[in-house]
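Take a look at the structure set out below.
The values are calculated or read from the model by the stated rules, or taken from the named source; none is laboratory data. Small disclaimer: the values here were computed from a predicted structure and weren't measured. So basically every Cβ, Gly included, is an ideal-geometry build from the backbone, and we count neighbours across all protein chains shown. Heads up: the accessible areas ignore ligands, DNA and RNA and are worked out on the full protein's heavy atoms, side chains in. Shrake-Rupley method; radii C 1.70, N 1.55, O 1.52, S 1.80 Å.
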Amino acid sequence: YNGSNTGYDTKARLDKEVESLQGKNLILIGSACENSHVRALMKPVRDCRDGLEPSVGLVRLYQTGPDTYALVVAGYSGEDTRRAAKVLEKYKDFGLNGYQVEVR
């Protein structure tokens with residue numbers, strides 16, 4: 001998606017192409033196993049899947065600055081992440097609210 005209001009960068013980037021999350025509004029896709037920025041936000045202890053359950057996707061909001069946020073779309077598996085992304089895509093149909101939604 002490349003259409004947005006003036007002053008916004010809507011280009012997709014790999015995690016390695018974004019130096020810092022601080023002060024940015026972002027949508028991060030992938031678990032801590034695949035995305036270094038998700039790893040920094042979720043802070044897994046034992047394993048990169050800490051905080052995730054098999055067959056469950058996750059949409060979670062993290063604050064990255066006083067008025068900025070990162071929306072993480074992750075899952076235990078790639079398919080779980082895909083299901084969470086589809087729910088986010090149709091957020092109006094699902095009535096999402098709060099800082100975290102689990103997709104089962």
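For the chain, with all protein chains present and a 1.4 Å probe, just round the carbon and sulfur fraction of the accessible area to a whole percent. Write out the running numbers ahead of the final one.
On the way: 3610 of 7280 Å².
Ligands and nucleic acids excluded, carbon and sulfur give 50 percent.
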Self-check item: Label-point separation in nm, K43 to D67, each point 7 Å along Cα→Cβ
Solution: 2.7 nm
Quiz item: For the stretch 13-66, what is the accessible area per residue in Å² when the probe is 1.4 Å?
Solution: 64 Å²
Self-check item: Whichever aspartates and glutamates have a C-alpha closer than 14 Å to that of K16, once near sequence neighbours (fewer than 8 apart) are set aside
Solution: E34
Quiz item: Local charge sum around E53 (other residues, Cβ-Cβ under 12 Å, Lys/Arg +1, Asp/Glu -1)?
Solution: -1
Quiz item: Can you list the HN-Hα couplings for the stretch 29-42, worked out from phi with the Karplus curve (6.51, -1.76, 1.60; θ = phi - 60°), rounded to whole Hz and with x for Gly and Pro?
Solution: 10, x, 7, 5, 6, 9, 10, 5, 6, 5, 4, 5, 7, 7
Quiz item: Non-local amide H neighbours of L26 (under 5 Å, H modeled in plane, Pro and chain starts lacking H): which ones?
Solution: Y69, A70, L71
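Quick check for me: using +1 on Lys/Arg Cβ and -1 on Asp/Glu Cβ, what's the dipole size of the chain about its Cα centre, in debye to the nearest 20?
Magnitude of the dipole: close to 100 debye.
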Quiz prompt | Residue-wise HN-Hα coupling along the stretch 90-104, computed from phi with Karplus coefficients 6.51, -1.76, 1.60 (Hz; x: Gly, Pro) | solution = 10, 3, 5, 6, 9, x, 5, 7, x, 9, 8, 9, 9, 10, 10
Practice problem: Take the Cα atoms of the stretch 49-104, find their three principal axes, and give me the spread along each one in whole Å, biggest first. | Solution: 33, 29, 15
Quiz item: On full extension of the chain, what length is gained from Q100 through A12, given 0.36 nm per residue of separation minus the C-alpha to C-alpha distance?
Solution: 29.4 nm
